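Step one of this worksheet: look at the structure below.
Just so you know, all these numbers are worked out from the coordinates, no wet-lab data involved. None of the values given here were measured: they were computed from a predicted structure. Backbone-built Cβ (ideal geometry, glycine too); neighbour counts: all protein chains shown.
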Amino acid sequence: MRPGRWMLVAWLVVGALAAGQRHYYAQFDGSCARVATIGITLATGPLNYIGLNPTANCKVPQPSK
């Protein structure tokens, strides 16, 4: 692999560790907000350890009656 790919993999692994330390996987309920929060945490990687605490709120439209 090229160095850039290794850096990307390392970045995502650090993000996965941060999500695990925040117990996002244990509290997983399948909601839009939880999935988005885990995804954002993975994407931000090491930035989680310098104070960034990303969260997301989702509102999925309900079908009309």
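Some observations on this one:
- Filter result (in contact with a helix residue (DSSP H, G or I) (Cβ under 7 Å, 6 or more places away or on another chain) and closer than 14 Å to Pro54 by Cα) within segment 23-41: Tyr24, Ile38, Thr41
- Under the condition of being of a type outside the set (D, E, K, R) and either in contact with a strand residue (DSSP E or B) (Cβ under 9 Å, 6 or more places away or on another chain) or assigned to a loop (DSSP other than H, G, I, E, B) (or both), the residues counted in segment 2-28 number 6.
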